[in-house]
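Student: Sharing a structure here in structure tokens format.
The values are calculated or read from the model by the stated rules, or taken from the named source; none is laboratory data. Keep in mind that this is a model prediction, so the values were computed, not measured. Backbone-built Cβ (ideal geometry, glycine too); neighbour counts: all protein chains shown.
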Amino acid sequence: MNKILDPAIDLLADAPLTPEQRVVWNQMRAELSETRAKLVEMDNRIQLLQREPTDEAGHTILTRPEFNREVARMLAFDERYGGTSSVLYYDFENLEEISAKFGKAVANAAVQEIGRLFMKNVRGSDIIGRLATDEFGVLLVRCDNENAWKKGKLLASTLSEGLLEVHGCAINLEINYGAYTFRENEGVAQGLKQAAQIVTKATPIVK
């Protein structure tokens, strides 16, 4: 990227400008400042999409603080340039039972497979986070509420089918999921809370 002049530096501060010329110059400086801010936002988005990949689509599973930070950044991008994004919330409510019945190795393998299936089945621009031991979140960039619920249902079905058995153990994973579309000036915490409150129980697939 070409080096952009810091708009805080007034190169014509001591120039013998007329009042009219000074007004025009100040307008140009304001426009330069706004353009610079837009370029910074675009650069941040590029860095996010080019983060170090863990799969062929460029995904990684973020921690809750990382997820919250990146979602907040995307929401700010939506507010500045326009757009609608939604969040999916997933609760795998019987992971503790699986761990108690089959051991931690099986439960950990199930979590790893959950992450792999998420990464395989969302777009490269979407953001995935592990929010707690048995909770995951997915930000669907440029996705309205209707399509978010469709995607949520499809992912729940994919997870159910892909996790019928882990290390030879029939785990019968129980999945709750919800979708919420952010409104203007809403934060990620509010969106996740709303999504968690309107969860739908995925229909288990029995082998």
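Student: Would you pick out the residues in the range 135-153 that are surrounded by 20 or more Cβ atoms within 10 Å (Cβ to Cβ) and assigned to a strand (DSSP E or B)?
Tutor: Across the range 135-153, the qualifying residues are Phe136, Gly137, Val138, Leu139, Leu140.
Student: Would it be correct to say that Leu117 is in contact (Cβ under 8 Å) with a residue 40 or more places away in the chain, among the aliphatic types (A, V, I, L, M) and not in a helix (DSSP H, G or I)?
Tutor: Criteria not met by Leu117.
Here is a yes/no grid of residues against (1) of a type outside the set (Ser, Thr, Tyr); (2) part of a helix (DSSP H, G or I); (3) under 24 Å from Glu161 (Cβ atoms):
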site: Leu75; (1), (2), (3): yes, yes, no
site: Glu96; (1), (2), (3): yes, yes, yes
site: Ala109; (1), (2), (3): yes, yes, yes
site: Glu113; (1), (2), (3): yes, yes, yes
site: Ser125; (1), (2), (3): no, no, no
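Student: Go through (1) surrounded by 15 or more Cβ atoms within 10 Å (Cβ to Cβ); (2) assigned to a helix (DSSP H, G or I); (3) at pLDDT below 85 one by one and return the number of the condition Asn68 breaks.
Tutor: Every condition holds for Asn68 apart from (3).
Student: Limited to the range 96-110, what total is found for residues that are farther than 12 Å from Cys169 by Cβ and touching a residue at least 24 places away in the same chain (Cβ under 8 Å)?
Tutor: 1
Student: Oh, and also: Which of the residues that make up the range 71-93 are under 25 Å from Cys169 (Cα atoms) and at pLDDT 90 or above?
Tutor: Those that are under 25 Å from Cys169 (Cα atoms) and at pLDDT 90 or above: Tyr90, Asp91, Phe92.
Student: Specify which of the listed residues (Gly137, Gly162, Gly168, Gly129) is farther than 24 Å from Phe77 by Cβ, among the small types (Gly, Ala, Ser) and in contact (Cβ under 8 Å) with a residue 24 or more places away in the chain.
Tutor: Just one listed residue meets the conditions, Gly162.
Student: Separate question: Considering Ala110, Ala156, Ala132, which residue is surrounded by fewer than 16 Cβ atoms within 10 Å (Cβ to Cβ) and more than 24 Å from Arg80 (Cβ to Cβ)?
Tutor: One residue alone meets the criteria, Ala132.
Student: Checking Ala57 against (1) modelled with pLDDT of 90 or more; (2) aliphatic (A, V, I, L, M); (3) not in a helix (DSSP H, G or I), which single condition isn't satisfied?
Tutor: It fails just one condition, (1).
Student: Same structure, new question: Could you list all residues from the range 113-127 that are buried (at least 19 other Cβ atoms within 10 Å of the Cβ) and either within 17 Å of Glu70 (Cβ to Cβ) or outside the structural domain of Asn176 (by TED's automatic domain parsing) (or both)?
Tutor: The answer is Phe118, Met119, Val122, Asp126, Ile127.
Student: Tell me which residues, restricted to the range 162-180, are touching a Leu at 6+ places or on another chain (Cβ under 9 Å) and either surrounded by fewer than 17 Cβ atoms within 10 Å (Cβ to Cβ) or more than 23 Å from Ser99 (Cα to Cα) (or both).
Tutor: Leu164, Ala170, Asn172, Gly178, Ala179, Tyr180
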